[in-house]
Amino acid sequence: MSLPQEIKFPDVIQGGMGIAVSTWQLAKEVSSYGGLGVVSATAIDSVVARRLQDGDLSGEIRRAFANFPNQSVAAEILNFYFIEGGRKPDKPYLDVPKLSLKPSKLTNNLLVISAFTEVWLAKENNSGSIGINALEKIQLATPATLFGAMLAKVDYVLMGAGIPAEIPELLRNLADLKPVKLGIDVSDAKSKHFLAFDPKSVIPDTIDLVKPKFLAIISSHALAAYLAKDEKTRPDGFIVEGSSAGGHNAPPRSKDAIGGDGESKFSDLDIADLTKVAKAGLPFWLAGGYGTPENLKHAKEIGAVGIQVGSLFALADESGFTRVIKDELLTSLANDSLKVRTDPFASPTGFPFKIVEINGTLSDESEFDDRSRNCDLGYLRVPFERPQGGIGYRCPGEPIKTYEFKGGASQHNERSKCLCNALMADIGLGQLRIDGTTELPLVTFGSDLAGAKELVKIFPKGWKATQVLDFLHSGS
Ligand SMILES: Cc1cc2nc3c(=O)[nH]c(=O)nc-3n(C[C@H](O)[C@H](O)[C@H](O)COP(=O)(O)O)c2cc1C
């Protein structure tokens with residue numbers, strides 16, 4: 001099968017990096033320079049609500065809100081979260097409602113307008129393509145978030161961390177403004193559960209929407225074949241991500257999944273057979289340690305459209321990481337002391353998660369032990385059927401006793417870290433606790449440092465997104 005000729009796909013995708021590491025500023029810069037710029041959907045409601053509480057000093061969120069198709073929703077959210085001039089330094093952020101199978105109107109409205117805002121800003125005065133990256137693991141946010149992104153005319157949806165089989169159909173229905181039902185994984189369930197979302201509950205008027213292209217992020221050729229075989233589940237392309245990628249990785253396939261060093265241990269079984277991926281007849285990109293000019297060239301030579309790159313863009317000036325984190329990473333890259341490990345237990349999802357060892361962050365075991373466990377954001381909570389009936393929610397990152405009380409297995413949570421709060425801290429939106437402490441960051445980065453080490457020699461103080469694109473294209 002040959003690839004659709006009429007579509008010109010970008011050869012470099014700037015990977016979606018949550019929470020808000022791939023900001024609209026980063027995605028806009030990449031896309032206006034010819035790449036595919038991708039914003040992150042993860043916890044986007046909290047990101048927008050906290051930026052509003054910090055006063056939206058540059059006015060960008062209110063500018064996007066003014067273009068939202070339902071102004072009563074915009075007014076409701078501003079009324080709830082916007083603080084003129086920003087919150088007082090000793091005032092904690094007001095949290096957004098937690099996701100659930102029966103979301104409130106506020107939850108849906110906030111998710112829709114937040115995703116709209118991030119995409120709208122990335123597309124403002126920009127004719128390039130913009131994508132949004134969502135995690136299959138955070139199913140409860142999916143319909144409302146993707147609908148918000150579609151209202152802002154998002155060009156691509158990218159989704160991994162699970163099997164995104166229902167997404168193509170979901171996008172078709174949302175584009176037609178039809179009510180949707182997404183199947184939800186519920187632990188200990190005796191029956192099937194669905195999350196219902198009606199686009200008309202947020203935007204009552206008729207509006208023309210276009211279905212964005214859908215790229216499934218996968219790590220195995222078997223999943224490519226499975227998704228491609230049926231029109232209902234077929235994406236428009238694949239991103240084949242290897243185990244050195246930053247963020248979450250697919251769990252190792254060998255039984256011997258943890259090495260003597262305590263890290264997740266990957267083997268040849270975890271390498272996708274690209275010939276088989278190509279047989280699905282869809283365009284594909286390669287990710288995970290591909291951020292060098294040689295690798296871009298090589299990827300094209302073996303039949304890929306190009307590459308998806310995360311880590312190099314995470315260090316770009318336009319990314320959401322705080323300047324302190326960027327400088328720490330740049331310094332340790334330059335002096336060759338940057339250590340990234342693949343932690344099998346840190347993420348409540350149970351997927352391996354790449355962690356950079358940095359003192360004063362949650363990678364430091366003493367800091368982790370000192371933190372009072374608290375699950376107040378709850379994006380990674382998993383619904384479960386209670387033995388006595390009804391639905392409960394639990395996260396291995398929550399207090400151990402609470403998790404056990406809810407029937408969670410304790411060995412799953414002792415070493416689970418609260419990624420929600422830590423990743424918010426990575427972008428300068430960490431919560432302030434009543435005892436005066438703030439949540440600490442936990443930094444993720446790819447473990448293949450070749451490209452970053454080359455770039456830091458040229459730009460020791462950091463670089464811009466366009467300089468990453470120039471670097472990647474310098475071999476062609
Ligand atoms: C800081 C950071 C956060 C990431 N977060 C996500 C995420 O939320 N969702 C996702 O699909 N991939 C995520 N990734 C993976 C990237 O999108 C990309 O596929 C990967 O970084 C490519 O490998 P590289 O880091 O070697 O370039 C993240 C990567 C980094 C470095």
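The values are calculated or read from the model by the stated rules, or taken from the named source; none is laboratory data. Since this is a predicted model, take the numbers as computed values, not measurements. Glycine gets a Cβ as well: all are built from the backbone with ideal geometry, and neighbour counts include every protein chain shown.
Listed by first and then second residue, the pairs linking a residue in segment 19-33 that is assigned to a loop (DSSP other than H, G, I, E, B) to a residue that is more than 11 Å from the ligand (Cβ to nearest atom) and among the acidic types (Asp, Glu), with Cβ atoms under 9 Å apart and 6 or more places separating them unless they lie on different chains, are Ala20/Glu118; Thr23/Glu118; Thr23/Glu318; Tyr33/Asp470. Considering segment 106-191, the qualifying strands (runs of 3 or more DSSP E), each wholly inside and each with 2 or more residues that are of a type outside the set (Asp, Glu) and buried (at least 24 other Cβ atoms within 10 Å of the Cβ), run over 130-135, 156-160. Among the residues of segment 417-430, is there at least one that is more than 16 Å from the ligand (Cβ to nearest atom), modelled with pLDDT of 95 or more and among the polar types (S, T, N, Q)? Within segment 417-430, not a single residue is more than 16 Å from the ligand (Cβ to nearest atom), modelled with pLDDT of 95 or more and among the polar types (S, T, N, Q). Kindly provide the set of residues from segment 30-47 that are away from the ligand (no atom under 11 Å from the Cβ) and in contact with a strand residue (DSSP E or B) (Cβ under 7 Å, 6 or more places away or on another chain), ordered by number. Scanning segment 30-47 gives Val30, Ser31, Gly35, Leu36, Gly37.
Being among the charged types (D, E, K, R) and in contact with a helix residue (DSSP H, G or I) (Cβ under 8 Å, 6 or more places away or on another chain) is the filter here, so list the residues in segment 377-408 that pass it. Matches in segment 377-408: Arg394, Glu404. Taken over segment 383-415, the criterion of being of a type in the set (Gly, Ala, Ser) and out of contact with any Leu (no Cβ under 9 Å at 6 or more places or on another chain) is satisfied by Gly389, Gly390, Gly392, Gly407, Gly408, Ala409, Ser410.
Looking at Ser347, Ser264, just one residue is in contact with a strand residue (DSSP E or B) (Cβ under 6 Å, 6 or more places away or on another chain) and more than 15 Å from the ligand (Cβ to nearest atom), and that residue is Ser264.
Select from segment 312-334 the residues that are aromatic (Phe, Trp, Tyr) and part of a helix (DSSP H, G or I) and list them in ascending order. First the steps, then the outcome.
Initially, segment 312-334 is screened for residues aromatic (Phe, Trp, Tyr), giving 313, 321.
The answer is Phe313, and nothing else.
Anything in segment 276-304 that is over 24 Å from Trp463 (Cβ atoms) and in contact (Cβ under 8 Å) with a residue 12 or more places away in the chain? List them, or say none. Once the filter is applied, which keeps residues that are over 24 Å from Trp463 (Cβ atoms) and in contact (Cβ under 8 Å) with a residue 12 or more places away in the chain, segment 276-304 yields Lys276, Val277, Ala278, Lys279, Ala280, Gly281, Leu282, Pro283, Phe284, Ile302, Gly303, Ala304.
A residue that is out of contact with any Gly (no Cβ under 9 Å at 6 or more places or on another chain), within 16 Å of the ligand (Cβ to nearest atom) and either within 16 Å of Phe65 (Cα to Cα) or polar (S, T, N, Q) (or both) occurs nowhere in segment 155-165.
Determine whether segment 115-133 contains at least one residue that is touching an Asp or Glu at 6+ places or on another chain (Cβ under 8 Å) and modelled with pLDDT under 95. No, segment 115-133 has no match at all. Looking only at segment 432-449, residues that are aliphatic (A, V, I, L, M) and within 9 Å of the ligand (Cβ to nearest atom) come to 2 in all. Checking each residue in segment 13-27 for being touching a helix residue (DSSP H, G or I) at 6+ places or on another chain (Cβ under 6 Å) and not polar (S, T, N, Q) picks out Met17, Ile19, Ala20, Val21, Trp24, Leu26, Ala27.
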